[in-house]
Ligand SMILES: *Cc1c(COP(=O)(O)O)cnc(C)c1O
């Protein structure tokens with residue numbers, strides 16, 4: 001058993017830092033010395049590297065993942081009277097970006113295997129918008145939840161048919177692939193976040209947008225610096241202040257060097273979890289957990305390793321988490337409340353039951369400790385504890 005003096009981190013960022021501490025410290029030192037804290041040479045270099053990594057024509061580094069979504073909407077001229085179709089099973093920032101430009105989020109339920117927006121639901125919602133509202137459908141904003149790409153083949157074909165933009169929220173999926181394309185390069189524009197806990201994180205807030213469209217890239221570059229024209233005192237539109245700090249770019253340049261290997265390690269950790277969990281599952285009379293599904297033609301970067309609790313265990317999720325915590329094992333629910341039921345979305349008029357698959361997912365998922373340097377021994381301890389605690393809970397029913 002693990003006691004509280006032997007704590008397991010949910011995401012151990014220090015394990016990574018320990019490996020590249022010297023490189024990161026000197027990268028930061030270089031910025032302190034040249035003093036170009038805003039749009040310094042590291043920012044330009046990082047954008048080049050990130051665009052190469054993704055295979056996109058343009059990378060526009062930005063202040064965070066939420067602003068990257070918001071700026072993408074602004075650049076596409078989406079605002080009041082426009083509808084953006086998105087998933088209710090996501091971090092609120094996705095929906096918040098749509099609300100913050102005055103557009104209306106229209107939710108479409110998820111596919112319960114991938115947890116991502118279900119293409120056939122998107123089609124239904126577009127038809128409903130056209131039939132029942134005065135809104136103009138402008139874009140689909142799929143979320144690549146937990147690091148796995150949404151079904152962009154189907155989504156892009158729906159978008160083409162209805163002349164919609166696709167804004168890929170790849171805050172959790174930077175570097176994931178689908179049909180040999182790297183996220184976020186599957187839509188009109190794709191965004192990511194470098195929040196520390198994301199698969200590729202910096203040491204503060206950060207984000208980026210990617211596109212192959214020259215005009216859109218130019219607009220995003222203008223919008224992030226107060227709508228600049230030839231320079232920041234030639235303001236041609238109302239923009240924002242949404243730049244990435246040079247220090248963060250310097251840190252990301254070092255971290256990006258490790259990232260391809262970390263993606264492989266992430267896959268290995270995920271595979272081990274799946275093997276261990278399926279093994280304990282098969283040694284017990286009732287099905288207790290479902291491991292994340294891998295989907296042909298897609299690779300995940302495993303922003304989270306999220307299991308699904310079967311009934312009746314899902315009803316005891318809080319108890320399970322508490323008991324794991326007492327054994328020094330953190331676990332987190334992403335996301336407890338689907339966006340359509342959040343207080344901030346009240347005015348949109350949704351109610352419980354509107355998106356049953358998202359609601360069921362929210363009620364039964366559980367994310368386990370995960371990072372690329374999690375060792376097998378610790379994974380075994382975690383899965384053994386989950387096994388043990390769930391058996392106890394089920395026998396006390
Ligand atoms: C983290 C996250 C965001 C927001 O990114 P920030 O950099 O924290 O603003 C947006 N969407 C999803 C799905 C996220 O997980």
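At 10 °C and a viscosity of 1.306 mPa s, what translational diffusion coefficient does Stokes-Einstein give for the stretch 203-248, taking Rh as the Kirkwood radius over Cα pairs? Give it in µm²/s as a whole number. The diffusion coefficient I find is 140 µm²/s. When 340, 162, 186 are sorted by how many other C-beta atoms sit within 10 angstrom of their C-beta, beginning with the fewest, the order is 162, 340, 186. Using the Cβ-Cβ distance between residue 230 and residue 268 with R0 = 51 Å, the FRET efficiency computed as 1/(1 + (r/R0)^6) comes to roughly 0.55.
Here the spin labels are modelled as points 7 Å beyond Cα on the Cα-Cβ line, and at residue 131 and residue 346 they lie 3.1 nm apart.
Using equal-weight Cα scatterers in the Debye expression, the normalised intensity of the stretch 245-397 in log10 at q = 0.10, 0.13, 0.15, 0.18 Å⁻¹ is -0.45, -0.73, -0.91, -1.13. Of the three principal axes defined by the Cα atoms of the stretch 1-112, the extents in descending order read 51, 50, 25 Å.
Against the empirical curve 2.2 N^0.38 Å, the C-alpha radius of gyration of the stretch 58-112 lands at a ratio of 1.15.
I need the per residue convex hull volume for the stretch 128-287, using only the alpha carbons, in cubic angstrom as a whole number.
Values: hull volume 29.0 nm³, N = 160.
Value for the stretch 128-287: 181 Å³ per residue.
Would you mind giving the three semi-axes, in whole Å and largest first, of the ellipsoid equivalent to the stretch 201-278 according to its Cα gyration tensor? Intermediate results must be reported in sequence, preceding the final value.
Numbers: eigenvalues 284, 42, 23 Å².
Over the Cα atoms of the stretch 201-278, the ellipsoid semi-axes are 38, 14, 11 Å.
For the stretch 51-187, the C-alpha radius of gyration sits at 0.97 times the compact-globule guess of 2.2 N^0.38 Å, with N the residue count. Sorting 129-141, 236-248 by their mean Cβ neighbour count within 10 Å, with the most densely packed peptide first, gives 236-248, 129-141. Rounded to the nearest 500, the helix-only mean residue ellipticity at 222 nm of the chain stands at -13500 deg cm²/dmol, with each DSSP H run of n ≥ 4 adding -39,500 (n - 2.57). In the chain, the DSSP beta bridges split such that about 60 percent are antiparallel, to the nearest 5.
I'd like to know how the stretch 258-328 sits against the 2.2 N^0.38 Å rule of thumb: what's its Cα Rg over that expected value? Please list the in-between numbers first.
Values: Rg = 14.3 Å, N = 71, 2.2 N^0.38 = 11.1 Å.
In units of the globular-protein estimate, the stretch 258-328 measures up at 1.29.
Note the full-extension length gain between residue 32 and residue 318 as 0.36 nm times their separation in residues minus their Cα-Cα distance, in nm to one decimal. Intermediate results must be reported in sequence, preceding the final value.
Working: separation 286, 0.36 × 286 = 102.96 nm, distance 4.61 nm.
Full extension of this stretch gives 98.3 nm more.
Just subtract the alpha-carbon distance of residue 287 and residue 275 from 0.36 nm times their residue separation and send over the number in nm, one decimal. Working shown, then result.
Details: separation 12, 0.36 × 12 = 4.32 nm, distance 1.50 nm.
The residue 287-residue 275 span can extend by a further 2.8 nm.
Residue ranges 166-179, 310-323, 262-275, 195-208 sort as 166-179, 195-208, 262-275, 310-323 when ordered by packing (mean number of other C-beta atoms within 10 Å per residue, highest first). At the listed q of 0.06, 0.08, 0.15 Å⁻¹, the Debye profile of the chain, built from one uniform point per Cα, gives log10 I(q)/I(0) equal to -0.24, -0.43, -1.37.
So if each residue of separation counts as 0.36 nm, and I subtract the Cα-Cα distance between residue 238 and residue 392, what length gain in nm does that give? Show your work: numbers first, answer last.
Numbers: separation 154, 0.36 × 154 = 55.44 nm, distance 5.90 nm.
Gain on stretching residue 238 to residue 392: 49.5 nm.
Normalising the Debye intensity of the stretch 181-229 to I(0), with uniform scatterers on Cα atoms only, and taking log10 at q = 0.14, 0.25 Å⁻¹ returns -0.42, -0.95.
Can you quote the Å³ per residue value for the convex hull of the Cα atoms in the stretch 317-359, rounded to an integer? Please report the intermediate quantities before stating the final value.
Details: hull volume 3.5 nm³, N = 43.
Output value, Cα hull per residue: 82 Å³.
Laboratory data are not the source of any read-out in this text; all were calculated from the coordinates shown. The structure displayed is predicted, hence computed values, not measured ones. Please note: Cβ atoms are built from the backbone with ideal geometry, for glycine as well, and neighbour counts cover all protein chains shown.
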